[in-house]
Amino acid sequence: MKSIRTIMNTSFYLFMCATLILGCKENSTSGKTNQLDPDEILSSIADRLYGAVQSASSPRLPRSVEDGKVRYTSSEGWTSGFLPGMLWMIADYDNSRDWTQYAELYTKQLEEVQYLTSHHDLGFMLYNSYGRGYTASNSDIYKQVLVNGAKSLASRYDSLVGMVKSWDRPGKWQYPVIIDNMMNLEYLFWATRATGDSSYYAMALSHATSTLRDHYRADVSCYHVVDYDTLTGEPIWKGTHQGLADESIWARGQAWGLYGFAMAYRETEDVMFLEHARRIATFLMNHGQMPLDKVPYWDLEDPDIPNAPRDVSAAAIMASGLIELSTYVPEEREAYIDYAMEMLVSLSENYRYESASESFFFLDQSVGNKPKNKEVSIPIIYADYYFIEALLRLKQSQI
Ligand code: GLY
């Protein structure tokens with residue numbers, strides 16, 4: 001009896017393995033295994049989002065859902081630009097409803113951010129909101145806000161360090177630069193195109209070059225934070241703020257880097273950035289702790305894996321970055337697209353935020369700051385932003 005059960009278990013195991021192997025093979029050769037209908041998902045997001053903005057009593061900026069309640073951010077918080085950015089993206093996608101009035105209304109909440117100089121996230125905040133609004137409208141008013149904001153961001157650049165300072169934490173760090181800051185460079189590149197002032201481009205180029213040199217380890221994983229000596233401009237400390245440990249692999253940081261270097265290549269055409277983005281992609285896609293469904297654990301070195309929380313935001317950012325990268329490397333295009341598709345299928349099938357139909361949020365299970373036990377395994381707005389962007393990029397790449 002025991003041996004029959006063993007044989008049956010073994011047969012089932014072999015059957016499952018064969019199914020998986022065949023599934024992967026089919027996926028890697030045809031890219032058609034995972035059926036993903038971006039329009040179906042985008043329509044569903046649009047319906048929810050439209051209900052949410054229509055029923056909101058005032059244009060507050062949602063950040064997350066905790067204990068079933070929406071938490072909002074002030075306009076000065078780094079996540080303030082994501083909802084306006086989502087509205088501009090959906091406005092461009094869905095012309096069956098009047099999205100522009102809402103996109104403008106929510107974007108206006110960030111007007112004062114153009115003068116913000118207390119941290120580095122003006123790219124996330126203004127480029128995602130006013131930047132997308134400017135692309136849609138060509139409004140001179142939007143352009144002026146963006147140019148002022150770029151000046152504010154550039155005020156955090158120090159020519160000795162050659163980078164934009166991320167945070168002001170005297171006593172803890174002298175000149176901290178976080179990997180996330182790669183994402184704010186797109187705004188500086190834009191500022192040179194918009195104003196003709198090449199200094200923004202030069203700052204972004206220097207920042208990206210220094211990040212490649214200082215944030216990355218030999219295995220192409222990256223540190224979250226590098227602190228610089230303000231007198232010498234040299235790195236004096238490398239570690240983490242939101243990851244598990246100084247030497248661990250914080251998933252969202254890896255995703256910011258992948259996305260950021262693909263973007264830096266687009267803006268500069270410097271193959272050094274392209275090669276780096278490809279190396280990051282190879283590292284992440286082949287990492288032994290990447291789960292089968294390709295939604296990363298929040299930190300790839302959490303000893304609780306496989307029971308550690310996933311970070312849906314890291315998956316969405318990585319998928320969007322991979323799709324962009326796929327457009328620059330014909331020989332890896334299919335592998336990147338297939339991988340991103342698998343991520344997007346997983347997200348849309350297994351990580352949806354189940355709530356009332358009207359909601360600013362579509363995806364669940366992101367992790368904000370696990371070491372501080374803040375925002376663990378909840379919906380967070382930037383996951384939705386990059387999810388929408390990835391779906392739109394996927395549609396674009398299939399044309
Ligand atoms: N930029 C902050 C974060 O990724 O949590």
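Just so it is clear, none of the values below were taken in a lab; they were calculated from the coordinates. Note that this is a predicted model, so its numbers are computed, not measured. Because the Cβ atoms are built from the backbone with ideal geometry, glycine has one as well, and the counts that use them run over all protein chains shown.
See the values below:
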item: Only one of Arg333, Arg252, Arg266, Arg279 that is crowded, with 22+ Cβ neighbours inside 10 Å and among the basic types (Lys, Arg); result: Arg252
item: Failed condition for Val295, given (1) loosely packed, with under 15 Cβ neighbours inside 10 Å; (2) under 19 Å from Lys370 (Cβ atoms); result: (1)
item: Residue in segment 175-208 that is surrounded by the most Cβ atoms within 10 Å (Cβ to Cβ), counting only those that are over 18 Å from Tyr265 (Cα atoms) and in contact with a strand residue (DSSP E or B) (Cβ under 6 Å, 6 or more places away or on another chain); result: Val177
item: Residue match in segment 285-297 (condition: in contact (Cβ under 8 Å) with a residue 60 or more places away in the chain, outside any helix (DSSP H, G or I) and within 16 Å of the ligand (Cβ to nearest atom)); result: no
item: Pairs where the first residue, in segment 352-368, is within 15 Å of Ile90 (Cα to Cα) and the second is among the β-branched types (Val, Ile, Thr) and away from the ligand (no atom under 16 Å from the Cβ), C-beta under 6 Å, 6+ apart; result: Phe361/Val65; Phe362/Ile45
item: Search result, residues across segment 248-269 that are away from the ligand (no atom under 14 Å from the Cβ) and either of a type in the set (Gly, Ala, Ser) or touching a residue at least 12 places away in the same chain (Cβ under 8 Å) (or both); result: Ser248, Ile249, Phe261, Ala262, Met263, Ala264, Tyr265, Arg266, Glu267, Thr268
item: Residue that is nearest to Ser57 (Cα to Cα), among those in segment 377-399 that are surrounded by fewer than 19 Cβ atoms within 10 Å (Cβ to Cβ) and touching a Pro at 6+ places or on another chain (Cβ under 6 Å); result: Ser377
item: 3 or more residues in contact with a strand residue (DSSP E or B) (Cβ under 8 Å, 6 or more places away or on another chain): qualifying helices (runs of 4 or more DSSP H) within segment 299-399; result: 312-326, 381-397
item: Lone qualifier among Asn373, Asn350 - being within 16 Å of the ligand (Cβ to nearest atom) and surrounded by fewer than 22 Cβ atoms within 10 Å (Cβ to Cβ); result: Asn373
item: Arg333 being touching a Ser or Thr at 6+ places or on another chain (Cβ under 6 Å), more than 24 Å from Asp214 (Cα to Cα) and without any contact (Cβ under 8 Å) to a residue 40 or more places away in the chain; result: yes
item: Hey, Arg132 in a loop (DSSP other than H, G, I, E, B), away from the ligand (no atom under 16 Å from the Cβ), in contact (Cβ under 8 Å) with a residue 40 or more places away in the chain and under 27 Å from Ala52 (Cα atoms) or not; result: no
item: Any hit, segment 162-174, residues being closer than 24 Å to Asp299 by Cα and in contact with a helix residue (DSSP H, G or I) (Cβ under 8 Å, 6 or more places away or on another chain); result: yes
item: Within segment 230-267, tally of residues that are touching a Pro at 6+ places or on another chain (Cβ under 9 Å) and either part of a helix (DSSP H, G or I) or of a type in the set (Lys, Arg) (or both); result: 4
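Yes or no, residue by residue, for (1) more than 26 Å from Tyr115 (Cβ to Cβ); (2) within 16 Å of the ligand (Cβ to nearest atom):
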{"residue": "Ser139", "(1), (2)": "no, no"}
{"residue": "Leu188", "(1), (2)": "no, no"}
{"residue": "Asp219", "(1), (2)": "yes, no"}
{"residue": "Cys222", "(1), (2)": "yes, yes"}
